[in-house]
Amino acid sequence: MPNHLLEIDDLSTSGIAEVIRLSLVKDPDQVLHNKGAALLFEKPSNRTRNSMEMAIIQLGGHPITIRPDEVGIGARESAEDVARTLSCYHALIGARVFEHSTVEQLASASDSPVVNMLSDKSHPLQALADLLTIWEEFSTFEGCIVSYVGDANNVARSLAIACGLVGIEFRIAHPNGYGFSKADEEMIQGMGMNFSSTLSPAEAVAGAHVVYTDVWASMGQEEEREKRLSDFEGFTVEDRLFELTNEDSIFMHCLPAHPGEEVSRSVLDSGRSRIWEQAENRMHAARGFLLHLFQERNQ
């Protein structure tokens with residue numbers, strides 16, 4: 001049976017630890033030697049395409065990136081039939097989509113593992129890269145506090161779940177109306193993690209080791225941009241907010257960033273920023289996950 005990765009909790013705590021260990025391996029086994037990997041994009045991406053293609057190449061595989069107009073999921077062909085077709089040729093299907101239901105439909109019909117490269121609900125590969133970045137910085141998750149300032153979006157959701165799985169305290173500060181859904185909040189709290197939600201960025205970041213943010217209007221939310229800019233006033237991660245954090249704290253952002261909106265240019269470019277290490281870790285974490293996946297499948 002395929003081992004899909006649709007959300008970060010498709011991995012166990014020990015599985016995440018193994019992925020992080022394998023992400024640091026410099027000369028990985030060629031577990032994808034002479035195998036194809038289909039990378040299906042409904043939404044374009046800089047980091048996702050480059051990191052996934054290079055991770056697959058580093059494992060000996062051949063990535064094939066597929067544009068949305070070449071497939072037309074749900075219009076030209078159903079998601080299930082796309083999955084059935086691609087799994088005839090490829091050992092892996094990666095999908096970066098608008099709706100989470102699309103990756104679920106792909107997974108329901110595929111004979112190959114389906115990896116969610118982003119959906120409106122989750123971003124598990126980003127969460128793995130985030131955990132890797134935190135591990136490299138602190139060499140432990142124990143006692144670590146991650147504070148997310150902004151919209152409780154797909155990135156925040158996957159990050160919160162990931163933190164719960166490895167024992168990191170997770171806090172989120174958001175304006176009214178931009179928090180997690182009741183179902184998501186109950187699910188996150190049900191993990192038994194140290195989780196809190198607040199309307200105050202200052203409260204969220206006090207003593208934090210990691211301050212994380214994302215754009216206020218993501219791809220597909222362009223019509224909401226002006227309203228969101230107004231609603232998120234006062235939530236910019238800037239220097240005076242950082243003064244409230246732990247003395248060895250770092251800043252993280254999944255990119256692309258909008259300097260002057262969700263984060264100031266001074267924080268983004270500061271010596272405490274780890275955005276480029278985080279971006280590079282998208283490749284290492286993807287390679288680590290695929291190595292973990294195919295080592296288990298090849299045993």
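The values are calculated or read from the model by the stated rules, or taken from the named source; none is laboratory data. Keep in mind that this is a model prediction, so the values were computed, not measured. Counting neighbours? That spans all protein chains shown, and the Cβs are built from the backbone with ideal geometry, glycine included. Side chains included, ligands, DNA and RNA excluded: accessible areas come from the protein's heavy atoms. Shrake-Rupley method; radii C 1.70, N 1.55, O 1.52, S 1.80 Å.
Quick notes on this one:
- Residues of region 88-124 satisfying the condition of being out of contact with any Lys or Arg (no Cβ under 7 Å at 6 or more places or on another chain) and assigned to a helix (DSSP H, G or I): C88, Y89, S101, T102, V103, E104, Q105, L106, A107, S108, P124
- Inter-residue pairs, beta-carbon under 6 Å, first farther than 14 Å from P256 by Cβ and touching a residue at least 12 places away in the same chain (Cβ under 8 Å) and in region 268-286, second assigned to a helix (DSSP H, G or I) and polar (S, T, N, Q), 6+ apart: R274/T133; E277/T133; N281/T133; M283/S51; H284/S23; A285/S23; A286/S51
- From the options Q299, Q278, residue that is within 30 Å of A91 (Cα to Cα) and modelled with pLDDT under 95: Q299
- Taking the numbered list (1) open to solvent by less than 70 Å² (accessible area, probe 1.4 Å); (2) more than 22 Å from A127 (Cβ to Cβ); (3) not aliphatic (A, V, I, L, M) in turn, S108 passes all entries but (1).
For every residue, the table says whether it meets (1) part of a loop (DSSP other than H, G, I, E, B); (2) acidic (D, E); (3) within 28 Å of M117 (Cα to Cα).
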position	(1), (2), (3)
D184	no, yes, yes
G192	yes, no, yes
A204	no, no, no
V211	no, no, yes
A217	yes, no, yes
R240	no, no, no
T245	yes, no, no
G271	yes, no, no
E280	no, yes, yes
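- Scanning region 103-115 for residues that are under 13 Å from E7 (Cα atoms) and either among the β-branched types (V, I, T) or without any contact (Cβ under 8 Å) to a residue 60 or more places away in the chain (or both) turns up V103, V114, V115.
- Considering region 3-30, the residues that are open to solvent by 20 Å² or more (accessible area, probe 1.4 Å) and touching a strand residue (DSSP E or B) at 6+ places or on another chain (Cβ under 7 Å) include one that is nearest to L128 (Cα to Cα), namely L6.
- The single residue among E261, E247 that is without any contact (Cβ under 8 Å) to a residue 60 or more places away in the chain, more than 16 Å from the chain's Cα centre (by Cα) and open to solvent by 50 Å² or more (accessible area, probe 1.4 Å) turns out to be E247.
- Those helices (runs of 4 or more DSSP H) of region 7-76 in which at least 3 residues are out of contact with any Cys (no Cβ under 7 Å at 6 or more places or on another chain) and closer than 23 Å to E136 by Cα, considering only elements entirely within it, cover 13-23, 47-58.
- Residue within region 220-232 that is under 18 Å from the mean Cα position of the chain (by Cα) and in a strand (DSSP E or B) present: no
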